[in-house]
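Computed from the coordinates by the stated procedures, all read-outs in this text should not be read as laboratory data. Model, not experiment: these values are computed from the prediction. Cβ coordinates were reconstructed from backbone atoms using ideal geometry, including for glycine residues, and neighbour counts include every protein chain displayed.
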Amino acid sequence: MEASRLYSTKRVQSLKPTKKIPLEEDPTKASDALPLSLHLTNAVFFTLFFSVVYFLLSRWREKIRTSTPLHAVTFSEIIAILAFFASFIYLLGFFGIDFVQSLVFRPSPDVWIAEDEEEENEVLLAKEDARKVPCGQALDCLLPPLPPAAPIVTAQKVFDEKPVTVTTEEDEEIIKSVVAGTTPSYSLESKLGDCKRAAAIRREALQRLTGKLLSGLPLDGFDYESILGQCCEMPVGYVQIPVGIAGPLLVNGREYSVPMATTEGCLVASTNRGCKAIHLSGGATSVLLKDGMTRAPCVRFGTAKRAADLKLYLEDPDNFETLSVVFNRSSRFGRLQGIKCAIAGKNLYIRFTCSTGDAMGMNMVSKGVQNVLDFLQTDFPDMDVIGISGNYCSDKKPAAVNWIEGRGKSVVCEVIIKGDVVRKVLKTSVESLVELNMLKNLTGSAMAGALGGFNAHASNIVAAIYIATGQDPAQNVESSHCITMMEAVNEGKDLHISVTMPSIEVGTVGGGTQLASQSACLNLLGVKGASKETPGANARMLATIVAGAVLAGELSLMSAIAAGQLVKSHMKYNRSSKDVSKGSS
Ligand code: ADP
């Protein structure tokens, strides 16, 4: 008991000098009050001090020599004495006090020991805290947690250079309760009513739980309210992806600057080269063939016969009118276009297709499908709805149904590249490109058993544009289905190239398209938001731009490969060796 009291007394005393630290860090100095700079003031007082000392000593010697009494002082001597005292006091104050203080208040070594002890105690406490924390599967609880009392300082250079400090005492309490598991992380937004603060607190709690710093992941410079309830849950920051511009891409007589969000070097440059080749050849033509989003629920019956009954009912043209009235109640933009069924024994897969205006349309189509399922239940009470999505849709998975039937926007885009442009811009020949396309994109992909992958790198361009414009990047799977065709035309002088893409799933309203950055990219393309004149026109135009950019990407990469392959082929197989040697001589 006594010992602990002694210990605590010692701690309090020894900690006193450490409290001086903030004072030492106080940027306000006494010298700030001086009218001249510190160095100049010191120089003045030094000069004054030694001058008056010299003057007074010489006067003193003079008085001794002339036997004049010392107390008989002249006016100049009085001034000199005053100046002596003034300069002495100044110099003593400036240099003496610090010296005296350093002697009197020098912290004893015990103080630093006590400070170390305090740090140790904090680490120990933190370790204890960590043990109390319920461990999530993905969390490594053996890692040392961050000091719990430290303010949240997020060093970042996003929009402002200042580090963001968000910890108040109240925040600190909330962080601790999230770390302890008493406040669910997901409830922070609704509890605090401030999405940015919620993200900052969640982030700090995560850092303490995992022992991993998130300093490279920015927190500031993002509107967390804009993602609430629709784009991302439990945010702790955002990932930065650079956006490059390829273009102008000339499609259907209009020029587009195409935003591409990517971290793959050369991708934008290469697409840009393709855009240049297209532009110099008069531009590409992009045609939308189909526009319909799909959703296919799975329903089950007691017998295959009953499943077949429903299939026949749904595919009977006489029933389409009724079904579309029921379906279309879901939205003023969702319009049922068709129903296609596939049976697997007692199970029926019903693929509904509908137009969705400028929305990509997954929500819209799902609502319509639910309406129809509810309606069917009256005539088919034995129908058991297994799931609103039975994978025959097919969303975000490679599937032949999308490749054959299409999903979203089906587009074909073509251009005739002049022979001159092939040589000067693409640095290859029409013949090499046609040969490479046949052996790589068609035969090679067939050999690989490709599903919609008859192209060089359509997904590169699709993914980059999708991320930049707020599309669902997971739909890159089917949106990148593409067959690239090349043919020599105009007596073999020019190149006809086309890309056919049956499942481009894009929208200009809903989802991530309304976020600030993504919306800016859509605006750049002139397809931001809902089309006022013709609902769906913006989304359809975006699909034609995607196809045009893919055309540019195919052209450029295929040319790069053709150019490289040609040289290698010449070296390996010695084809046209005479020409090569002639060229080099
Ligand atoms: P998705 O169906 O792609 O998931 P959402 O349902 O999130 O998209 O967004 C579509 C919403 O936008 C709907 O509520 C719809 O009524 C509204 N909307 C406004 N204008 C349009 C338009 N031109 N085309 C499609 N939807 C539109």
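Tabulated data
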{"quantity": "Extreme residue, positive dipole direction of region 244-374, given options GLY283, LEU314, ASN347 (C-beta unit charges)", "calculated": "ASN347"}
{"quantity": "Modelled label reach - ALA448, point 7 Å along Cα→Cβ, region 480-516 residues with backbone N closer than 16 Å", "calculated": "480-485"}
{"quantity": "Rounded FRET efficiency, nearest 0.05, which uses the C-beta distance separating GLU491 from ILE241 and R0 of 41 Å", "calculated": "0.35"}
{"quantity": "Cα-projected label distance for LEU70 with THR182, points at 7 Å along beta-carbon direction, nm", "calculated": "7.7 nm"}
{"quantity": "Linear extension gain, LEU213 paired with ALA308, 0.36 nm per residue minus alpha-carbon span", "calculated": "28.4 nm"}
{"quantity": "Average Cα contact separation per residue, region 240-310, under 8 Å, 6 or more apart, as relative contact order %", "calculated": "29 percent"}
{"quantity": "Contour minus Cα-Cα distance for GLU173 and GLU315 (0.36 nm per residue)", "calculated": "45.0 nm"}
{"quantity": "Protection-proxy order for peptides 236-247, 82-93, each taking the mean of Cβ atoms within 10 Å per residue, highest first", "calculated": "236-247, 82-93"}
{"quantity": "Where labels lie 7 Å past Cα in the beta-carbon direction, separation of THR263 and TYR54 in nm", "calculated": "7.0 nm"}
{"quantity": "Cα-centred dipole magnitude for region 371-503, charges only on beta-carbon of K, R (+1) and D, E (-1), debye, nearest 20", "calculated": "780 debye"}
{"quantity": "Peptides 528-534, 203-209 ordered by average Cβ neighbours within 10 Å, highest first", "calculated": "203-209, 528-534"}
{"quantity": "Calculated FRET value between ALA342 and LYS397, using beta carbons and R₀ = 22 Å, to 0.05", "calculated": "0.90"}
{"quantity": "Whether region 365-479 is rounded, prolate or oblate, judged on the alpha carbon gyration tensor where a/c under 1.5 counts as rounded", "calculated": "prolate"}
{"quantity": "Global form of region 225-312, assessed from the alpha-carbon gyration tensor, a/c cut-off 1.5", "calculated": "oblate"}
{"quantity": "Residue list for region 320-348, given a label point 7 angstrom along the Cα-to-Cβ vector of GLN230 and an amide N cut-off under 19 Å", "calculated": "330-334"}
{"quantity": "Highest-first arrangement of 51-58, 514-521, 415-422, where packing means the average Cβ count within 10 Å", "calculated": "415-422, 514-521, 51-58"}
{"quantity": "Subset of LYS305/LYS409; LYS290/LYS528; LYS418/LYS440; LYS340/LYS396; LYS290/LYS340 violating a 25 Å alpha-carbon distance limit", "calculated": "LYS305/LYS409"}
{"quantity": "Estimated distance in nm for a label pair at ASP420 and GLU62, the labels positioned 7 Å out from Cα along Cα-to-Cβ", "calculated": "10.2 nm"}
{"quantity": "Length gained when the stretch ALA474-ASN252 is fully extended (0.36 nm per residue, less Cα-Cα span)", "calculated": "77.1 nm"}
